[in-house]
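Report on the following structure.
The values are calculated or read from the model by the stated rules, or taken from the named source; none is laboratory data. Treat the numbers as computed from the prediction; the structure is a model and nothing was measured. No Cβ is skipped: glycine too gets one built from the backbone with ideal geometry, and neighbour counts run over all protein chains shown. Accessible surface is based on the protein model in full, side chains and every heavy atom, while ligands, DNA and RNA are left aside. Shrake-Rupley method; radii C 1.70, N 1.55, O 1.52, S 1.80 Å.
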Amino acid sequence: MATAVLGLQWGDEGKGKITHLLAQGASMVVRYNGGPNAGHTVVDRGVKFGTHLLPAGAFYAGVTSVLAGGVVIDFDVLRREYDEVARHVGAKPRLLLAENAHLILPYHRTLEELEGSGSRFGTTRRGMSPAYRDKAAHVGVRVGDLLEPRRMAERIEWRLELLRREWPKASELEALDPGELVRSQRKLAEPWLESIVDASDVVGRALVAGEPVLFEGAQGTLLDVDFGTYPYVTSSTTLFAGIGPSLGIDPSLVTRRLGVTKAYQTRVGEGPFPTELEDGVGAALRERGGEFGTTTGRPRRCGWLDLVALRYAVRLNGITDLALTKLDVLEGLPTIKLCTAYRIGGVETDRFPLSGDRLADCEPIYKELPGWRGALRPASWSELPAAAHRYVAAIEETVGVPVTLLSYGATPEDTLRRDL
Ligand code: IMP
């Protein structure tokens, strides 16, 4: 059975741990959106990694990893983490690259700085939006171009010419040489020059053959370019549906859609966040949960779990079941709140607005539940404290899908599976 792992919040839900856990039983792990803006925390055999581009399949022998067409690749980042993981596992992981995936080139990061979107939107400054924009504007460079250096240099030359017209005073752009860029990119991509494939064909065949293919989502539903809190969003489709255009496959073949949510809410970067706690409780969640960005190190904003947003995310993705992460971070709180509705202009609603600006006007309405004491180390569901049980049940009832994985620590062992 094929499975997709999807973030249901503003990213950082713990997808890294969950995909790492499930990758062990997969034949293929396919990353299908975003780029080095993602930060997946993985603890593999006691060693902690923060991966940005490398799919979790790389940690297991015999599992093929794929970067799909919808991903934008920064080869500088990919090469560094591939070499690091290869050293750790003592072998070269099998990694295939879609020939139609786009490259993030140094001028994409320069452009993001020149435009100031880092400070305006709190982006990760990894060149994401300029790279996706170049793709849509037909001026991008694709992985397949690495095999045709002359054509690649011509494309870059044309792109630089346009950029220099737009930014005549930018010396960083002036200094760039297309031929040199092609040489350096080919050098970085050297381990994979023979692993550039039609990913639609490779992954499509595996799906039709009924292989256990795992799709690794990046970012979260609320950062989706169309259905997130626009304009405070990322530049790719983070939803389950994004698997289709990213790979050119029939997404209905992916029958399990596992949504990942933390037991509370976090956000990094700018944008509305109705349940944000700017008090001691928010600070305690940040400290206990180690809520600092994997990619940028920025402190994450923390708050109570927002069930209005979660129900919306479950609906948008057709989620079949949930992985609830970081439940241990709530230990010891006397009461825990769950946001079940919003009040906007004096009117109560349980609908998530399609605009980030409207979400900023929403006030949360909470339901209070008792907390629990003591460390959460349940060997089975029946060992969960009654209050923790009630908390999980309240989430399931509101969003309408069951929790099948419960995570209460960073390592794979700190996980409880539930067969339904
Ligand atoms: P960008 O993806 O770098 O353009 O950033 C756009 C927004 O998405 C910013 O608020 C980032 O903080 C956020 N973002 C992008 N990737 C991630 C992620 O993997 N986790 C959490 N937030 C992210």
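Just a few scattered comments:
- Checked against (1) of a type outside the set (V, I, T); (2) open to solvent by 20 Å² or more (accessible area, probe 1.4 Å); (3) part of a loop (DSSP other than H, G, I, E, B), G69 passes all but a single condition, namely (2).
- Look at (1) within 13 Å of the ligand (Cβ to nearest atom); (2) open to solvent by less than 10 Å² (accessible area, probe 1.4 Å); (3) at negative phi and you find that L78 fails only one, number (1).
- The residue that is least open to solvent (accessible area, probe 1.4 Å), among those in the stretch 89-139 that are in a loop (DSSP other than H, G, I, E, B), charged (D, E, K, R) and in contact with a Gly (Cβ under 9 Å, 6 or more places away or on another chain), is R126.
- All positions within the stretch 94-147 that are within 16 Å of the ligand (Cβ to nearest atom) and polar (S, T, N, Q): T110, S117, S119, T123, T124, S129
- Subset of the stretch 177-205 [assigned to a loop (DSSP other than H, G, I, E, B) and open to solvent by less than 40 Å² (accessible area, probe 1.4 Å)]: A189, L193, S195
- Residue that is nearest to the ligand (Cβ to nearest atom) [pool: residues in the stretch 254-298 that are among the basic types (K, R) and open to solvent by 20 Å² or more (accessible area, probe 1.4 Å)]: R298
- Filtered residues of the stretch 218-247 (kept if in a loop (DSSP other than H, G, I, E, B), near the ligand (Cβ under 10 Å from one of its atoms) and under 19 Å from A323 (Cα atoms)): A218, Q219, G220, T238
- Checklist (1) open to solvent by less than 20 Å² (accessible area, probe 1.4 Å); (2) within 18 Å of G297 (Cβ to Cβ); (3) under 10 Å from the mean Cα position of the chain (by Cα) applied to K15, failing item: (2)
- V197, sole failed condition from (1) farther than 12 Å from V30 by Cα; (2) within 16 Å of the ligand (Cβ to nearest atom); (3) in contact with a strand residue (DSSP E or B) (Cβ under 6 Å, 6 or more places away or on another chain); (4) hydrophobic (A, V, I, L, M, F, W, C): (2)
- Flag for A170 being modelled with pLDDT under 95 and more than 18 Å from G35 (Cα to Cα): yes
- Cβ pairs under 7 Å, 6+ apart, first in the stretch 25-51 and touching a residue at least 60 places away in the same chain (Cβ under 8 Å) and within 16 Å of the ligand (Cβ to nearest atom), second part of a strand (DSSP E or B) and acidic (D, E): R31/E216
- Taken together, the residues in the stretch 392-420 that are in a loop (DSSP other than H, G, I, E, B) and either at pLDDT 95 or above or among the charged types (D, E, K, R) (or both) amount to 7.
- Test result for L258, at pLDDT 95 or above, of a type in the set (A, V, I, L, M, F, W, C), closer than 20 Å to L338 by Cα and out of contact with any helix residue (DSSP H, G or I) (no Cβ under 6 Å at 6 or more places or on another chain): no
- Single residue of I336, I319 found to be open to solvent by less than 50 Å² (accessible area, probe 1.4 Å), modelled with pLDDT of 95 or more and part of a loop (DSSP other than H, G, I, E, B): I319
- Taken over the stretch 117-148, the residue count meeting the criterion of being touching a Lys or Arg at 6+ places or on another chain (Cβ under 6 Å) and among the aliphatic types (A, V, I, L, M) is 3.
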